1. For segment B:213-246, name all the residues that are in a strand (DSSP E or B) and more than 14 Å from chain A (Cβ to nearest Cβ).
2. Based on what the data block shows, is A:GLY190 more than 11 Å from chain B (Cβ to nearest Cβ), farther than 22 Å from A:VAL146 by Cβ and surrounded by fewer than 21 Cβ atoms within 10 Å (Cβ to Cβ)?
3. Which one of these does A:VAL49 not meet: (1) touching a residue at least 60 places away in the same chain (Cβ under 8 Å); (2) of a type in the set (Val, Ile, Thr); (3) touching a strand residue (DSSP E or B) at 6+ places or on another chain (Cβ under 8 Å)?
4. Which one of the conditions (1) within 17 Å of A:LEU20 (Cβ to Cβ); (2) in contact (Cβ under 8 Å) with a residue 24 or more places away in the chain does A:ALA132 fail to meet, given that it meets all the rest?
5. As an exercise: evaluate B:LEU196 against (1) within 14 Å of chain A (Cβ to nearest Cβ); (2) over 16 Å from the mean Cα position of the chain (by Cα) and give the number of the one condition it does not meet.
6. Would you confirm, using the coordinates I've provided, whether A:LEU63 is closer than 29 Å to B:TYR193 by Cα, open to solvent by 60 Å² or more (accessible area, probe 1.4 Å) and modelled with pLDDT of 95 or more?
7. Which condition number does B:SER157 fail, the rest of (1) closer than 20 Å to B:PRO43 by Cβ; (2) open to solvent by 30 Å² or more (accessible area, probe 1.4 Å); (3) polar (S, T, N, Q) being met?
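The values are calculated or read from the model by the stated rules, or taken from the named source; none is laboratory data. As the structure is a prediction and not an experimental result, all values here were calculated from the model. Neighbour counts run over all protein chains shown; Cβ positions are idealised from the backbone, glycine included. With ligands, DNA and RNA removed, areas are computed over all heavy atoms of the protein, side chains included. Shrake-Rupley method; radii C 1.70, N 1.55, O 1.52, S 1.80 Å.
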Amino acid sequence: MSAVELRGHEFVRIPGGSFLMGSDEFDLEAPERTIELPAFEIDRSPVTVAQYLHFARETGRELPADFPTPAQLDDDPRRAQHPVERVSWHDATAYAEWAGLRLPTEQEWERASRGADGRRFPWGDRFDEARAVVWDNAKALGVTTVPVEQFPGGESADGVRHLAGNVEEWVMDALLPYPGSTHTSPSASGQCRVLRGGSWFYTNEYARGSFRRGALPEFTGYDGAGGPGFRCARSV
Amino acid sequence: MPTATTEITVRGASPMVDVPEGYSWMGCDDFEREAPRRRVYVPQFWMDKYPVTNDDYAVFVAETQTPAPSYWINGAAPEGYGDHPVMVSWRNAEAYARWAGKRLPTEAEWEKAAGGAQGHVFPWGDHFDADRALTWETGAVTGTRSEPVTARPQGASPYGCEQMVGLVEEWVDDVYRGYSGSGYDSIGYTQGYRVLRGGSWIFSQTHARITYRCFEEPDLSDEHFWGLGGPSFRCASSVAPQPELRA
């Protein structure tokens, strides 16, 4: 068993090929075009509280805001299976390096979510509250993040979980307008890193596979709104 | 034939714009919660040009002994924030509107005033422009979470309403439910939430579309209003405001 597997990473292999990237609905997501991508592997689920705790203990890295206390983890062991949140892009990158992995590229992330057929959400073209936790349902359900084994119906065509909602995910890339886009804004000037997938705090428009927004790499979210998590990838 | 409007005392500091009666577009077929796109008839009404400010709200607080928002300091808006939007619960927004002799706009009125009559995506047209509204596209880098209500004349809607999108979300009168004929269901439709419109500094352009809908509970706690931005509102009226308040 490899070191990666010991640290609780379960990968899904995404075959190489072409996929649909972008959407003409919003200038920051435009243009929609076909991208060729080699095969890669990506975490089946976002990095969990348990995984991040392992990393923080080994490296002495400070725990993020709102991280559960040891007492909370003892009281409710499922709490360790929530995605870690409120980490910066630097934290996410450091974790990935420690684990011998890397963050997914923006192209890889979008391919994982939209599959080979360009679907709008990981499971298909229509939003479905039974498959993801976003603001639409989180408020009434009384939840923020949820354990990664919940909402199994939200799996992508390749079996990747929680790409829509739950916790927003850092990817490797800086946020820039795609070539051919007319978008200009301070956030797309190269200072920000890309966040994908939306979260419990945002309505389902953020959970579309083509949605992207940027945040400064030191961004860790806000009290009352949660903040970014991530998953890892590796080339094959 | 022009309809005679009865003029009564309508308080509040914001000028009001005249939104003529007629059909407007409402909804968007690309998003489940906004579908279907349809034509709706909206009678003539008046709409505040700007969101209600902290200074506006201070007059209401003083006259009615309504508790001040918790982000105020010693009963007054933080220094320099007098002309920024006030952030309050739906309950307090509705009470202010009644006190002012006005009411909260309906969801259809809000959308029409924001550009629905013209079928726009954004108040100024169909293309996003980060300069015309304070959204996450700017806030992510500058950290700007608020600004004066008069800061974006370039973001005006065809009727002259400013700051309709971005900056602060705005309460409207309606209970949050699914649109009839949408065929889409959400657990949120059954909770008695009130509708929020226009997105805010913390949300991207997806939420700055005039058809976008969000929601919150009417008695929303103001605990996170300072850090995250809380909802604001503007008032509407079916009767004419005093002449000096006409935009």
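1. Taking segment B:213-246 and keeping what is in a strand (DSSP E or B), we get B:213-216, B:232-233, B:236-237, B:240, B:246.
Listed by number, the residues that qualify are B:SER232, B:PHE233, B:ALA236, B:SER237, B:ALA240, B:ARG246.
2. Criteria not met by A:GLY190.
3. Checking A:VAL49 against (1) touching a residue at least 60 places away in the same chain (Cβ under 8 Å); (2) of a type in the set (Val, Ile, Thr); (3) touching a strand residue (DSSP E or B) at 6+ places or on another chain (Cβ under 8 Å), the one that fails is (1).
4. With (1) within 17 Å of A:LEU20 (Cβ to Cβ); (2) in contact (Cβ under 8 Å) with a residue 24 or more places away in the chain applied to A:ALA132, the lone miss is (1).
5. For B:LEU196, the exception is condition (2).
6. So A:LEU63 does not fit the description; no.
7. Checking B:SER157 against (1) closer than 20 Å to B:PRO43 by Cβ; (2) open to solvent by 30 Å² or more (accessible area, probe 1.4 Å); (3) polar (S, T, N, Q), the one that fails is (2).
One line per residue, one yes/no per condition, for (1) closer than 23 Å to A:SER235 by Cβ; (2) surrounded by fewer than 18 Cβ atoms within 10 Å (Cβ to Cβ); (3) free of Cβ contacts under 8 Å to residues at least 40 places away in the same chain; (4) under 21 Å from the mean Cα position of the chain (by Cα):
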| residue | (1), (2), (3), (4) |
| --- | --- |
| A:GLU29 | no, no, no, yes |
| A:ALA39 | yes, yes, no, yes |
| A:SER45 | yes, no, no, yes |
| A:THR69 | no, yes, yes, no |
| A:TRP89 | yes, no, no, yes |
